[in-house]
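Right, one structure below, let's go through it.
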Amino acid sequence: MKRRTVLAGLGATAAAGILGMPSILRAQAPISLNGAVQFNDDHAFNRALLRFEELVKKYYGKPVNFTLHRNSSLGLEKQYFEYMSQGKAVDYAIVSPAHMSTFAKAAPFIDAPFVFKGIEHMNKVVQANILAPIADEVAAKAEVVLIGYAGGGVRNIFANKPLRNLADLKGLKVRVQGAPIWSKTFAAVGMSPTVIAYNEVYNAIQNGVIAAGENEAAGVEAMKFYEVAPHLNLTQHAVSIRPICFSVKTFKTLPKDLQEAIMKAGKEAGDYGRQLESSEEVVKLDTLEKAGKLKRIPFEERDAMKKLADPVMATYAKEIGAEGIYEKINVAGG
């Protein structure tokens with residue numbers, strides 16, 4: 001296996017920089033790696049990280065210990081990313097690109113609203129390695145390597161009332177992710193977006209601080225958002241990409257053959273995670289709806305919503321120097 005092939009999921013510049021550094025071999029005891037995930041055993045992110053562990057062991061062929069800290073026991077994704085950047089507590093995790101924005105301005109672009117037409121479009125972009133320049137920036141500025149891309153869930157707005165058109169969205173108090181592009185696009189559509197920590201969304205809706213949030217089916221199910229916001233309004237405004245991340249500081253201390261096993265396993269585990277989440281999505285929503293826990297509401301003006309958001313996205317791409325990437329993504333969408 002040539003290194004070039006193994007590193008296909010990582011931008012060439014970042015890969016060359018990291019793998020060119022001397023490895024510091026650890027003591028004879030098996031190497032231990034710590035992972036983190038916000039969710040329980042059933043969630044697609046958890047299962048993707050377990051697949052990553054399984055593949056690393058297979059490709060490395062020598063003893064290596066993995067401990068995956070689940071159910072937010074080490075905090076939230078924002079903290080995981082900071083820990084990985086610092087090279088402490090967390091070595092690998094799945095993290096929303098929104099939490100990378102303080103380190104790398106272009107990172108949230110991976111996952112911004114209305115970038116992808118659907119899961120097939122997103123898969124094309126990932127397989128063509130169009131996101132490599134962003135991965136390079138994250139590796140250089142945050143010292144975190146994006147070794148694979150999980151995700152694949154279509155994001156919709158869950159709310160305490162049905163939302164069928166743009167008039168219904170006007171002034172809607174909705175929780176959005178921390179990256180500014182989310183607030184800007186949702187405001188352009190006419191909503192009143194606010195940034196709230198993910199683990200506080202349920203209570204914020206329950207207490208009337210906000211009326212809605214947005215998430216993919218796996219998140220709605222895991223966090224039981226349907227209990228306080230039973231209307232799932234099918235805006236289909238984004239397809240989640242959730243990079244599998246690895247700390248550069250940890251990575252540099254590992255033997256070269258383990259580094260290569262991690263890169264190869266990360267790409268494959270990401271592919272597995274996208275396939276898993278996208279294939280389970282309809283089943284999860286069918287089950288919840290049949291149980292009377294939520295009701296899917298068709299959204300009639302998705303194209304009009306996108307048209308309002310597009311100028312914001314184009315300006316954002318220009319601001320972060322990602323016009324070329326944005327153009328390639330649009331071309332890949334046909």
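When the residues of segment 169-206 are filtered to those that are of a type in the set (D, E, K, R) and touching a strand residue (DSSP E or B) at 6+ places or on another chain (Cβ under 8 Å), which remaining residue is farthest from residue 118 (Cα to Cα)? I'd like the intermediate steps shown before the answer.
Start the filter on segment 169-206 by keeping residues that are of a type in the set (D, E, K, R), which leaves 170, 173, 175, 184, 200.
Checking the rest, the ones that are also touching a strand residue (DSSP E or B) at 6+ places or on another chain (Cβ under 8 Å) come to 173, 175.
On the way: 173: 26, 175: 22 Å.
Restricting to residues being of a type in the set (D, E, K, R) and touching a strand residue (DSSP E or B) at 6+ places or on another chain (Cβ under 8 Å), the top hit is 173.
Output yes when any residue across segment 307-318 is touching a residue at least 24 places away in the same chain (Cβ under 8 Å), over 23 Å from residue 123 (Cα atoms) and not hydrophobic (A, V, I, L, M, F, W, C), and no when none is. Break it down stepwise before answering.
Step one: filter segment 307-318 for residues touching a residue at least 24 places away in the same chain (Cβ under 8 Å), giving 308-313, 316-317.
Those still in the list that are over 23 Å from residue 123 (Cα atoms) too: 308, 311-312.
If we keep only those that are not hydrophobic (A, V, I, L, M, F, W, C) too, we end up with 311.
The answer is yes; a qualifying residue exists.
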Margin query: Here are the criteria: (1) at pLDDT 95 or above; (2) part of a loop (DSSP other than H, G, I, E, B); (3) farther than 25 Å from residue 137 by Cα; (4) open to solvent by 60 Å² or more (accessible area, probe 1.4 Å). Tell me which single one residue 59 does not satisfy.
Written below: (2)
Checklist line | Scan of segment 113-138 for residues that are in contact (Cβ under 8 Å) with a residue 24 or more places away in the chain, open to solvent by 10 Å² or more (accessible area, probe 1.4 Å) and either in a helix (DSSP H, G or I) or aliphatic (A, V, I, L, M) (or both), ordered by number | finding: 119, 121, 123, 124, 126, 128, 130, 132, 133, 136, 137
Checklist line | Unmet requirement for residue 227, which otherwise passes all of (1) within 23 Å of residue 119 (Cα to Cα); (2) open to solvent by 40 Å² or more (accessible area, probe 1.4 Å); (3) of a type outside the set (Ser, Thr, Tyr) | finding: (1)
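The values are calculated or read from the model by the stated rules, or taken from the named source; none is laboratory data. Here the structure is a predicted model, which is why all the values come from computation and not from measurement. Every residue, glycine among them, receives a Cβ derived from its backbone with ideal geometry; neighbour counts consider all protein chains shown. These area figures cover heavy atoms from the full protein model, side chains too; ligands, DNA and RNA do not enter into them. Shrake-Rupley method; radii C 1.70, N 1.55, O 1.52, S 1.80 Å.
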